[in-house]
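For reference, the structure is listed below as structure tokens.
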Amino acid sequence: FLGNYHDITERKIANEALRSSQEMLLNSQSVAKICSYSTNLIVTDIDKSQWECSPEFYNIFGIDETYPHTIKGWTGFIHPDFREDVVAYHESVIVEKISFNREYKIIRINDGVERWVHGTGKLVYDKDGKPIRMHGAIQDITEHKQGELELKAKNEELIKAKEKAEINE
């Protein structure tokens, strides 16, 4: 009779801690309406670039795992009024080697609802200094944006009321 014994207690504890940490991260992203992404950049043929994302990405953009995880797929849910500007900005981020930091409007794929998002991203470079990845986060800021628009409308109303009062004096 021959046997082998390995104490896997530490590995079990580490796996449970990792599972708990991942669960906390996913719950936090859901509550904050924020997701993470990572895009491999093929600068010579940007259309072949692919992205990975956290599950909250699917909720924010109204897509599922079968949606094309390509740059073209990403541009597909950018609102048409913003698409050209955001795509040009994305290209300038890669060419100028700067961070991505942009608010833009999207149209959710599953229900056609317009939403505002704020995307951030940081480039990762190869040994020759060429961008090969972008890691980042996207947050749904629709409620914040609606509050801004309401405040702007109220300010305009106050200015008009003030001007009217000054004329009537």
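Gain in length, ALA88 to THR9, computed as 0.36 nm per residue apart minus the alpha-carbon separation, to one decimal in nm? Please report the intermediate quantities before stating the final value.
Numbers: separation 79, 0.36 × 79 = 28.44 nm, distance 5.25 nm.
Gain on extension, ALA88 to THR9, equals 23.2 nm.
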Rounded to one decimal in nm, the spacing of the 7 Å Cα→Cβ label points at LEU26 and SER38 is 1.7
Excluding ligands, DNA and RNA, the carbon-plus-sulfur percentage of the accessible area of segment 15-160 with a 1.4 Å probe reads 54
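For the chain, what does the helix formula give at 222 nm: sum of -39500 (n - 2.57) over DSSP H segments with n ≥ 4, over the residue count, nearest 500 deg cm²/dmol?
Details: 5 runs with 81 residues, N = 169.
After summing the helix terms and dividing by the residues of the chain, the value is -16000 deg cm²/dmol.
In the structure displayed, which of LYS33/LYS152; LYS33/LYS97; LYS72/LYS145; LYS48/LYS130; LYS105/LYS145 lie more than 19 Å apart, Cα to Cα? Provide the component values of the computation, followed by the final result.
Numbers: LYS33/LYS152 24 Å; LYS33/LYS97 28 Å; LYS72/LYS145 26 Å; LYS48/LYS130 16 Å; LYS105/LYS145 10 Å.
Among LYS33/LYS152; LYS33/LYS97; LYS72/LYS145; LYS48/LYS130; LYS105/LYS145, the Cα-Cα distance tops 19 Å for LYS33/LYS152; LYS33/LYS97; LYS72/LYS145.
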Loop-resident GluC sites (Glu not before Pro) in segment 1-85 with no more than 14 other Cβ atoms inside 10 Å, DSSP not H/G/I/E/B, are GLU65
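For segment 16-83, which trypsin sites (Lys or Arg not before Pro) are in a loop by DSSP, counting at most 14 other Cβ atoms within 10 Å? Spell out each step's value before the answer.
Details: sites: ARG19, LYS33, LYS48, LYS72, ARG83; in loops: LYS33.
Sites meeting the loop and neighbour criteria: none at all.
Which number do you get for Rg(Cα) / (2.2 N^0.38 Å) in segment 45-146?
Working: Rg = 13.6 Å, N = 102, 2.2 N^0.38 = 12.8 Å.
In units of the 2.2 N^0.38 Å rule of thumb, it is 1.07.
Taking only protein heavy atoms into account and a 1.4 Å probe, give the accessible area per residue of the chain in Å².
69
Equivalent-ellipsoid semi-axes (√(5λ), Cα gyration tensor) for segment 11-61, whole Å, largest first?
Numbers: eigenvalues 162, 54, 7 Å².
In descending order, the three semi-axes are 28, 16, 6 Å.
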Of all stretches in the chain that avoid chymotrypsin sites (Phe, Trp or Tyr not before Pro) placed in a DSSP loop and having at most 14 other Cβ atoms within 10 Å, the longest is 6-169
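The values are calculated or read from the model by the stated rules, or taken from the named source; none is laboratory data. Since we're looking at a predicted model, the values are computed, not measured. Cβ sites come from the backbone with ideal geometry, for glycine too, and all protein chains shown count toward neighbours. Areas reflect the complete protein model, heavy atoms only, side chains present, ligands, DNA and RNA absent. Shrake-Rupley method; radii C 1.70, N 1.55, O 1.52, S 1.80 Å.
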